[in-house]
Amino acid sequence: MQTFFIILILAFGFLITFQIAKASEYVSVLRGEEKARKQTNRINAFLLLAFLVIGLIGVYYCNERLKGKILGESASVQGEKIDTMLYITLAITGVVFFITQILLFWFAYKYQESDKRKAYYFPHNNKLEIIWTVIPAIALTALVGFGIYYWFKITGDAPQNAMQVEVTGSQFKWEFRYPGRDGVFGKKYYKEISPEKSNPLGQLWDDPYNHDDVITTELHLVVNKPVKLIIGSKDVIHDVGLSQFRMKMDAVPGTPTTMWFTPKFTTKQMVEKSGDPDFVYELSCDQMCGKGHYGMRGVIIVETQEEYDRWIISQKSQYSVAHPEPAPQQKTQPADSAKVVAANLKK
Ligand SMILES: [Cu+2]
């Protein structure tokens, strides 16, 4: 039914436009071609000016109306630089926008067809061409240059004291692995992935580095301590989107990606700062990855070192989850000691 109405409205719109065009054609014949053209030009010139004024009022209105919606202060040290870059880009493109739009529409109005002047033939000017090519080129090179500099910084080597967390995306959830006390992640092999056998990331249990690795469903970070994320995926391409930290990185199957940053505020501080008692740092999947994409949300908790230490100690290593029964040697040990006791008793 709705489709029918849309088609009907479109058909009417087309019919009306067609009739108006036909009517104005008859009018122009009656009034004389030239006079009609001059009048249309005057109307068009006025409409262009009106478009400029209404458009600029619209820009101001949108800005006033939506400025409270943008994210607050960056929650990471590196994010401040990203924000600065964004504001510089907005300032430069904003100035260019206002100058070019005002000139474009004002000129179209001012130099509309007139009997008092003739158009000046101006085919080419090398000097002008160079100016309006070189200036934007320099501006863009500077903007892109800063972008590349920060990109290499964020994706490059993390500071020595950085903690490391592995982030793995899959349809449609996030899993986090901490390297445990030894600070080293154990090896993985994708064919070992088996949630049924409590091995959701395919850890190789032969590798002793794996024995203390912890897998969690929440990402806990320490305030003012750099963190390096090692990002991967089990199926399609996902994306680790950390809007509050101004960070973002694709999660690609088979190719680990990395980025590091330093959280500035704990979750508790952010609750106070934002005035929102339900505030949580969010990890959103920023890559369309399937029908459950919209719900692929991770929770990040930024806390003090003490709070973090208490939390990580309370976590069970995935090895112990996958191997709940005590190892066979431990079982035989009491039996052996019983034999020893018995032997001693005999003596
Ligand atoms: Cu996803």
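Quick grid of which residues meet (1) touching a residue at least 12 places away in the same chain (Cβ under 8 Å); (2) loosely packed, with under 11 Cβ neighbours inside 10 Å; (3) not hydroxyl-bearing (Ser, Thr, Tyr):
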{"site": "Gly13", "(1), (2), (3)": "no, yes, yes"}
{"site": "Ile16", "(1), (2), (3)": "no, yes, yes"}
{"site": "Ile20", "(1), (2), (3)": "no, yes, yes"}
{"site": "Ser28", "(1), (2), (3)": "no, no, no"}
{"site": "Glu33", "(1), (2), (3)": "no, yes, yes"}
{"site": "Ala36", "(1), (2), (3)": "yes, no, yes"}
{"site": "Phe51", "(1), (2), (3)": "yes, no, yes"}
{"site": "Tyr111", "(1), (2), (3)": "no, no, no"}
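Of all residues in the range 119-165, count the ones that are over 17 Å from Pro256 (Cα atoms), open to solvent by less than 70 Å² (accessible area, probe 1.4 Å), of a type outside the set (A, V, I, L, M, F, W, C) and not in a helix (DSSP H, G or I). Number satisfying all stated conditions: 2.
Remark: pairs (first residue in the range 143-156, more than 12 Å from Lys81 (Cα to Cα); second residue open to solvent by 80 Å² or more (accessible area, probe 1.4 Å); Cβ separation under 9 Å; 6+ apart in sequence or on different chains) = Leu143/Ile88.
The residues of the range 171-199 that are more than 16 Å from the ligand (Cβ to nearest atom), buried (at least 18 other Cβ atoms within 10 Å of the Cβ), touching a residue at least 24 places away in the same chain (Cβ under 8 Å) and not small (Gly, Ala, Ser), listed by number, are Arg177, Tyr178, Pro179, Phe185, Asn199.
Is it fair to say Thr168 is within 16 Å of the ligand (Cβ to nearest atom) and buried (at least 16 other Cβ atoms within 10 Å of the Cβ)? So Thr168 fits the description; yes.
The values are calculated or read from the model by the stated rules, or taken from the named source; none is laboratory data. Computed from a predicted model, the values in this text were never measured in an experiment. Here the Cβ is made from the backbone with ideal geometry for all residues, glycine too, and neighbour counts use every protein chain on show. The accessibility values were calculated without ligands, DNA or RNA, using every heavy atom of the protein model including side chains. Shrake-Rupley method; radii C 1.70, N 1.55, O 1.52, S 1.80 Å.
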